[in-house]
Every structure is written in C-alpha cells, then in structure tokens.
Amino acid sequence: QVRLVESGGGLVQAGGSLRLSCVASGSDISVRTMVWYRQAPGKQRELVALITTDGSTVYPDSVKGRFTISRDNAKNTVYLQMSSLEPEDTAVYYCNTRLKDYPWGQGTQVTVSS
C-alpha cells in the first residue's frame, strides 16, 4: 500500500525559509508526476508546485520565484524549498501525484507569522 509522509513544516517569520520533504513508500514515484499541494483554513486544496518525471517544473504565479520543487528518485522523495515566505503561505502542505490517486498523508503544517 502506498504511503506518503510529509515533514519539515513549522513556524517561521515572514521572509524566512523552510524545506519540506515527502517520502513515499509502497510505490516507485520516479515514474509519476508529483505535486505539492496546500490547504489553508476555509480554502480548497491548491497546487503549489509540480515536477514531471524528466524534472520539468510548474508553479502558480503566487509562489513562482519563491518555491522550488525537486525530487530524489533514489530516495523516493520529493522536496519543496520555500523561501521569502509570506503569511499567505500559511497552510497544511501535502504531496501527491497530479492525479491525486495516492492516499493522502497527514500533511505538514507551515505557519508564517508577520
């Protein structure tokens, strides 16, 4: 059974940085396009970064230039480097495939104080 475990979140001041990790077990994610999503209170879950199998990346304008997604296929892990964090980035962050067909992990809370 596939399991995703996110980690690396925390409380940070505006302008700070965090690096999130998503470790997958039970499936080889090297053959999947992987995505970081986030969900803020009262809002829908949204895509914040996508990485294809060949390493191409996509970001929405809200995080472009501040967030960087990467992957280490040998470790079956996807990362999200976040810098210049803003209070609006406060959310629970999750990883999954673009099709969202893996069971959701518990996510990792990111809180940015102003």
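Just so it is clear, none of the values below were taken in a lab; they were calculated from the coordinates. From a predicted model like this one, the values you see are computed outputs, not experimental measurements. Cβ atoms come from the backbone with ideal geometry, glycine included; neighbour counts cover every protein chain shown.
Based on the convex hull around the alpha carbon atoms, the chain presents an average projected area of 6.5 nm². Scaled against 2.2 N^0.38 Å for its residue count N, the alpha carbon radius of gyration of the range 1-57 is 1.31.
In percent, rounded to a whole number, the relative contact order of the chain is 37, using alpha-carbon pairs under 8 Å and six or more apart. Among Gln81, Gln44, Gln13, the largest mean-square fluctuation in a Gaussian network model of the chain (Cα springs under 10 Å) belongs to Gln44. Computed over the range 71-114, the percent of Cα pairs more than 15 Å apart is 56. Spin-label model, Leu47 to Trp104: label points 7 Å out along the Cα-to-beta-carbon direction sit 1.7 nm apart. Give the longest segment of the chain that steers clear of trypsin sites (Lys or Arg not before Pro) in DSSP loops with at most 14 neighbouring Cβ atoms within 10 Å, not counting the sites themselves. Maximal segment without exposed cleavage sites: 1-42.
Across every direction, the projection of the convex hull enclosing the Cα atoms of the range 32-81 has a mean area of 3.8 nm².
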